[in-house]
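Following: one structure in structure tokens, then a few remarks.
The values are calculated or read from the model by the stated rules, or taken from the named source; none is laboratory data. Source: prediction; values computed, not measured. Note that we place each Cβ from the backbone using ideal geometry, even for glycine, and neighbour counts take in every protein chain shown. Note: accessible area is taken over every heavy atom of the protein model, side chains too, but ligands, DNA and RNA are not part of it. Shrake-Rupley method; radii C 1.70, N 1.55, O 1.52, S 1.80 Å.
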Amino acid sequence: MDVDECILAYTKLMKAVFVEKSSRLPISLRGKVKARFDSKKLKGAVEEVISSTGASPSDYFNDGKDRGCRT
């Protein structure tokens, strides 16, 4: 993907995932922290972006090459 395609895909992903919060209160009645956004929506949006490029969401993106630190 080129930069413009990445920006467009990220914009669509943000609109799909971060529009609606899962709950108003960040803490449950028992005092545990709750998720603010739905992780299923995020997974679906990421899989949609991967599928739109022609790859399968179940493909591994590791070609087995050893890559060192670039810095």
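Annotations for the structure displayed:
- When a 1.4 Å probe is rolled over the protein heavy atoms, the share of accessible surface on the chain that falls to carbon and sulfur comes to 56 percent.
- Cα lying deepest toward the dipole's positive end in the chain, options A35, I7, G54, charges on Cβ: A35
- Mean ellipticity per residue at 222 nm, deg cm²/dmol - from DSSP H runs of n ≥ 4 across the chain, formula -39500 (n - 2.57): -13500 deg cm²/dmol
- Across segment 1-65, the relative contact order, built from alpha-carbon pairs under 8 Å that are at least six residues apart, equals 27 percent.
- Normalised size of the chain, defined as Cα radius of gyration per 2.2 N^0.38 Å with N residues, equals 1.52.
- The residues of the chain expose on average 94 square angstrom of accessible surface per residue, using a 1.4 Å probe on protein heavy atoms.
- Segment K65-V19, extension gain: residue separation times 0.36 nm, minus the distance between their alpha carbons: 12.7 nm
- The chain: angle of helix 39-52 to the longest principal axis, Cα-based, in degrees nearest 10: 20
- A simple packing score, the average count of other Cβ atoms within 10 Å per residue, orders the peptides 58-69, 28-39 as 28-39, 58-69, with the highest score first.
- Helix 3-17 axis, angle to the chain major axis (alpha carbon atoms, nearest 10°): 20
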